Amino acid sequence: MRIDIWSDVICPFCWIGKRHLEAALESFRDDHPDVGVEVVWRAYELDPSASRVASDEPGETSAEMLARKYGMSREEAEAGQEQMAARFRDLGLEFDWRSSRVCSTFDAHRLAALAAEHGRADEVDEGLRRAHFSEGRVISDPEVLRRIGVAAGLPADAVDRVLAGDDFADAVRRDVEAARGIGVRGVPFFVFDGRLAVSGAQPVEVFTRALDQALASQVASAGPDHT
């Protein structure tokens, strides 16, 4: 089974959705140890116009961005971020919304594409999310990205080559275009075996049903000899 996940690494709902899927997958693998599940991360930019920000630049916090984007007061935006932080804590995650800064995620997605080639996709994905949400690091800064990549086990020379050029830029754009092509308007967005879609950070139970439905579709497609 294959699960394609369109996600942006600065999207809080994407980390929540990931944890919910992981919980569902843990039970699914216990029940179906003979079924392999491949998770494929696909790039999506919530704000393609966001700037590349260096670590020594002030940048815009997530609360400031929300207040500007949705025309709410600073107090309303901060209250919303604190509610999100509480949801993170329920999952064992940390959201330091006072420190997290909004920036371009294009290069972060390019690094993630490199990680996928080296079998380190999840390690880099976790590193990027932790850096943004929990550590207040700017994940458009090349040095921050380099540290994340190397810490995740990627070859330093390969990371340097990606960050110094435009490797995987086309792959990121293809992911974004593919999302548009299937009608994705927000993330996270999960596609099970190319046929069953789940949108948003749904509860664990929804992902459990999706996994079961995807498996049932596989069995039905295989015919009676495989039941």
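For region 114-174, the carbon plus sulfur part of the accessible surface works out to 46%, probe radius 1.4 Å. Ligands, DNA and RNA are left out, and with a 1.4 angstrom probe the accessible area of region 1-88 is 52 Å² per residue. Among 173-181, 60-68, sorting by the average number of other beta carbon atoms lying within 10 angstrom of each residue, highest first, gives 60-68, 173-181. Is region 132-227 rounded, prolate or oblate when judged by the Cα gyration tensor, a ≥ b ≥ c being the square roots of its eigenvalues, rounded requiring a/c under 1.5 and prolate requiring a/b larger than b/c? Cα axes put region 132-227 in the prolate bin. For region 64-72, backbone phi angles converted through the Karplus equation (6.51, -1.76, 1.60; θ = phi - 60°) give residue-by-residue couplings of 5, 4, 5, 4, 5, 5, 10, x, 9 Hz, Gly and Pro being listed as x.
Rolling a 1.4 Å probe across all protein chains gives SER134 an accessible area of roughly 20 Å². Kirkwood radius for region 1-50, taken over all pairs of different Cα atoms as the inverse mean of 1/r, rounds to 12.2 Å.
If the chain between ARG87 and SER73 were fully stretched, how many nm would it gain, using 0.36 nm times the residue separation less the Cα-Cα distance? Full extension from ARG87 to SER73 adds 2.9 nm. Only the Cβ atoms of Lys and Arg (+1) and of Asp and Glu (-1) were treated as charged; on that basis the dipole of the chain about its Cα centre amounts to roughly 420 debye. Note on the chain: dipole from Cβ charges, positive end direction compared against VAL53, LEU211, TYR70; the farthest Cα belongs to TYR70. Absence of a disulfide-compatible partner, taken as no other cysteine beta carbon within less than 4.7 angstrom, is noted in the chain for CYS103.
Between amide H atoms placed 1.01 Å from N, distances below 5 Å from ALA197 occur with PHE192, all of them 5 or more places distant or on a separate chain. The length gained by stretching the chain between HIS118 and SER51 to full extension, at 0.36 nm per residue less their Cα-Cα distance, is 21.3 nm.
Compute the separation of the alpha-carbon centres of region 64-139 and region 4-48 and state it in Å as a whole number. Answer, in whole Å: 16.
Relative to the Cα centre, what is the charge dipole magnitude of region 89-163, using +1 at the beta carbon of each Lys and Arg, -1 at the beta carbon of each Asp and Glu, and rounding to the nearest 20 debye? Intermediate values should be presented prior to the final figure.
Details: 11 positive and 14 negative charges, 39 e Å.
Once rounded to the nearest 20, the dipole reads 180 debye.
The values are calculated or read from the model by the stated rules, or taken from the named source; none is laboratory data. Owing to the predicted nature of the structure, the values given are computational and were not obtained by experimental measurement. Please note: Cβ atoms are built from the backbone with ideal geometry, for glycine as well, and neighbour counts cover all protein chains shown. Accessible surface areas use protein heavy atoms only, side chains included; no ligands, DNA or RNA. Shrake-Rupley method; radii C 1.70, N 1.55, O 1.52, S 1.80 Å.
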